[in-house]
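Please treat every number below as a calculation from the coordinates, not as lab data. These numbers come from a predicted model, not from an experiment. In this analysis, Cβ positions are derived from the backbone assuming ideal geometry, glycine residues included, and neighbour counts consider all displayed protein chains.
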Amino acid sequence: MARKIKFPDIEINNFKIPYLSISGVLFFVILFSVLWRPLNLERTVYVPLNPQAETTVSNGSSLPVDIGEGQIEIVDDNSNSKITESSDEPEDIVAKDDLDAILDDKDNTVQYTIVRGDTLHDILLRYNVNRNDIYQLTTKYKQLANLRIGQQISWTTDDDHNLKSFNWTISSNNIRIYEKSGDNFVESSETEEAVSQEVILKGEIKTNFIADARKIGLTSSEIGTITRALQWRLDFKRLRVGDKFSVILSRQMHGKHLSNSQLLAFRFKNGSKDFYAILADDGKYYDINGSSLSQSFFRYPLAKKARVSSGFNPRRLHPVTGRIAPHNGVDFAVSRGTPVLSVGNGEVVIAKYSGSAGNYIAIRHGRQYMTTYMHLDKILVKQGQQVKQGDQIGLSGNTGRSTGPHLHFELHINNKPVNPLTASLPINEGLTGKSKNAFIAKVKNIKPQLEF
């Protein structure tokens with residue numbers, strides 16, 4: 001028989017439980033959780049207080065909406081709307097100058113030395129070779145995946161970047177040749193031992209350096225080496241008719257094929273001035289006194305280091321779309337009005353308001369380097385102006401598509417964005433001690449060969 005359990009009496013009036021209140025709170029919490037959506041930050045864009053700025057609705061029409069003196073961008077809810085993922089994209093692109101255009105114009109033969117991490121596919125893509133030709137070549141000839149560090153390759157394209165021939169120097173007596181025949185590539189080999197020969201070439205400016213250098217037999221790669229070696233000393237765009245130049249080269253030939261070329265010395269007579277580039281034992285070029293031909297760079301475009309709010313990441317995945325949205329520079333968290341400095345000597349090629357980049361400056365340094373500075377509050381230089389390392393070129397700000405005051409800074413080497421905080425930069429250091437003495441002795445033998 002079950003026992004009866006007697007509980008003590010509880011006075012309900014002294015122990016009231018607010019059941020209805022708790023139920024009501026739970027109801028509203030559940031309702032809010034079901035209906036609430038996180039704010040889509042991609043639909044909110046900062047636009048500067050600039051009366052000339054325009055906003056773009058997803059259907060392509062311009063629709064500026066004034067908020068006082070400023071404007072906001074409206075993006076509708078159409079699922080087909082194209083939302084810009086990067087906030088540092090200037091509308092203005094640095095145009096190639098005359099020298100760039102000439103280099104790209106005719107001689108389409110390129111020589112290249114394999115370095116760590118290279119693949120043939122990536123190398124040829126970097127030089128804008130036709131993708132279909134790259135696929136055909138690398139798919140048919142699997143051995144091309146075995147390129148080794150230090151090996152030489154060269155290739156020739158037509159004016160439309162179609163691959164005409166490709167040469168792979170495996171060793172001094174083994175060169176593989178892949179030539180386009182119809183829609184396919186045909187392989188052949190050259191087993192003749194490489195022959196090294198020293199070549200002295202001399203020329204005179206009659207039209208421009210590139211054209212006149214080609215006339216005396218210099219290849220694009222050799223011309224490129226010359227312009228890079230003297231890029232900080234000589235402005236090749238401002239040469240005069242009658243200027244003279246002489247070159248000493250060491251070339252390796254496999255039969256009729258040029259497999260490798262090295263610039264040993266170069267002299268350019270520009271009016272009454274002489275410019276020299278002499279190869280030293282350390283693989284770098286110096287003037288005849290052993291002084292460096294390079295220009296040093298500041299690592300930071302600010303007088304003081306600042307916190308990096310967003311780092312360099314060319315493979316950044318956008319958190320919402322899941323697509324690649326490269327961040328090709330470094331963002332420094334600095335307050336509005338912070339002085340921005342040029343990291344090196346150069347020429348201002350762009351200085352203007354430019355789309356999502358806001359107030360934007362681009363500076364070309366020599367032939368290989370370019371820096372850009374975005375979202376500036378104020379621009380203090382003009383296009384075409386020559387600036388020196390450390391010159392104040394602008395004030396940091398919050399213009400363009402920006403979520404707060406900062407400086408977006410980019411470094412491009414050979415037209416490719418690189419991490420400015422880790423990139424290898426030229427150092428302005430000359431030779432000293434025994435190295436300098438050996439170099440000066442070398443110059444005494446070479447200099448007479450460069451006479452006109």
Obtain the nm distance between the two label points defined at R126 and S310 by a simple spin-label model: each point lies 7 Å from its Cα along the Cα-to-C-beta direction.
2.7 nm
Mean separation of Cα pairs under 8 Å and 6+ residues apart, divided by the residue count of the stretch 287-443: what relative contact order is that in percent?
28 percent
Taking the alpha-carbon centroid of each part, what is the distance from the stretch 383-410 to the stretch 117-157 in angstrom?
38 Å
For the stretch 195-286, shape from the Cα gyration tensor axes a ≥ b ≥ c, cut at a/c of 1.5 then a/b versus b/c, turns out oblate
Given points 7 Å out from each Cα along the Cα-Cβ axis, report the S189 to V241 separation in nanometres with one decimal.
5.3 nm
Under 25 Å from the Cα of K447, which lysines turn up, not counting those fewer than eight places away in the same chain?
K202, K206, K215, K244, K269, K273, K284, K434, K436
Could you point to the residue in Y127, V186, L147 farthest towards the positive end of the stretch 115-190's charge dipole, with +1 and -1 charges on the Cβ of Lys/Arg and Asp/Glu respectively?
L147
Reachable lysines from K382, criterion Cα separation under 20 angstrom, eight or more residues apart if same chain
K96, K237, K352
Under the 0.36 nm per residue contour assumption, what length would be gained going from the current alpha-carbon distance of L421 and K378 to full extension?
13.0 nm
In whole angstrom, the spacing between the Cα centers of the stretch 250-296 and the stretch 174-208 equals 21 Å
If I stretch the segment between I177 and Q143 completely, what's the gain in nm (0.36 nm per residue apart, minus their alpha carbon distance), one decimal?
11.0 nm
Answer rounded, prolate or oblate for the stretch 115-190, using the Cα gyration tensor with square roots of eigenvalues a ≥ b ≥ c: rounded when a/c is under 1.5, else prolate when a/b is larger than b/c, else oblate.
oblate
Quick one: go through the stretch 387-421 and flag any residue whose amide nitrogen is under 20 Å from the point 7 Å out along the Cα-to-Cβ line of I324.
410-420
Work out the FRET efficiency for V199 and V94 from their Cβ-Cβ distance, taking R0 = 30 Å, and round it to the nearest 0.05.
0.30
Calculate the FRET efficiency for K444 and S272 from the Cβ-Cβ distance with a Förster distance of 22 Å, rounded to the nearest 0.05.
0.45
Can you give the FRET efficiency for N208 and Q262, using 1/(1 + (r/R0)^6), R0 = 35 Å, r = Cβ-Cβ distance, to the nearest 0.05?
0.90
